[in-house]
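Q: Let me give you the structure first, and then I'll get to my questions.
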Amino acid sequence: MEFEFLEKKKGVVEVKFDEKEVAVALSKLLQDSGVDAYWYEPHPLYKDVRLHVEGDDAMADLKKAVTGLDKTWKQFSKELSAKLK
């Protein structure tokens, strides 16, 4: 997976992803914690997806969401591995 920061300021962060799943998962975690965040596809002919985050410290909010997503995936992987044995 590839990503690129399109905008990176204290109050606004926008990231372009080449896959949809991570942007959707991060936006859900951000929204659940009360952060103004959404994902969108800028054009139907392009595969890239954007994640837009706004807040007092959008970069810190995004970092928290990434950490939360990492913990969630590790827990999911652990539970799935246990059930596959």
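Q: Compute the distribution of all C-alpha to C-alpha distances in the range 3-84, in bins of 10 Å from 0, and list the percent of pairs in each, rounded to whole numbers.
A: Over the range 3-84, the share of Cα pairs per 10 Å bin runs 19, 46, 25, 9, 1 percent.
Q: Straight-line reach only, C-alpha to C-alpha below 23 angstrom: list the lysines that residue 74 could link to, leaving out same-chain residues fewer than 8 apart.
A: Residue 74 reaches 20, 28, 63, 64, 83, 85.
Q: Mind putting a number on the dipole of the chain about its Cα centre? Charges go on the C-beta only, +1 for Lys and Arg and -1 for Asp and Glu, and I need it in Debye to the nearest 20. Before the final figure, lay out each step's value.
A: Numbers: 15 positive and 17 negative charges, 103 e Å.
Magnitude of the dipole: close to 500 debye.
Q: Still on this model: By how many degrees, 0 to 90 and rounded to 10, does the Cα axis of helix 58-84 deviate from the longest principal axis of the chain?
A: So the helix axis and the longest Cα principal axis differ by about 20 degrees.
Q: Report the one residue of 37, 68, 26 whose Cα lies farthest in the direction of the positive end of the charge dipole of the chain (charges on C-beta: Lys and Arg +1, Asp and Glu -1; origin at the Cα centre).
A: Of 37, 68, 26, it is 68.
Q: Based on other C-beta atoms within 10 Å, arrange 39, 73 from fewest to most.
A: On the way: 39 20, 73 11.
Starting with the residue having the fewest Cβ neighbours, the order is 73, 39.
Q: Longest span of the chain, sites excluded, free of GluC sites (Glu not before Pro) in DSSP loop with at most 13 other C-beta atoms within 10 Å? Don't skip to the answer; put the middle values down first.
A: Working: sites that count: 2, 19.
Result, exposed sites excluded: 20-85.
Q: Can you compute the helix-only [θ] at 222 nm over the chain? Use -39500 (n - 2.57) per DSSP H run of at least 4 residues, normalise by all residues, nearest 500 deg cm²/dmol.
A: Numbers: 2 runs with 40 residues, N = 85.
Helix contribution divided over all residues of the chain: -16000 deg cm²/dmol.
Q: Return 3, 17 ranked ascending by Cβ neighbour count within 10 Å, so the fewest neighbours appear first.
A: Fewest-to-most ranking of 3, 17: 3, 17.
Q: For the chain, find the longest principal axis of its Cα atoms and tell me its angle to the long axis of helix 20-32, 0 to 90°, nearest 10.
A: 80 degrees
Here, each number is a calculation from the coordinates, and none is a lab measurement. All values reported here derive from a predicted model rather than from experimental measurement. Neighbour counts are summed over all protein chains in view; Cβ atoms, including those assigned to glycine, are modelled from backbone coordinates with ideal geometry.
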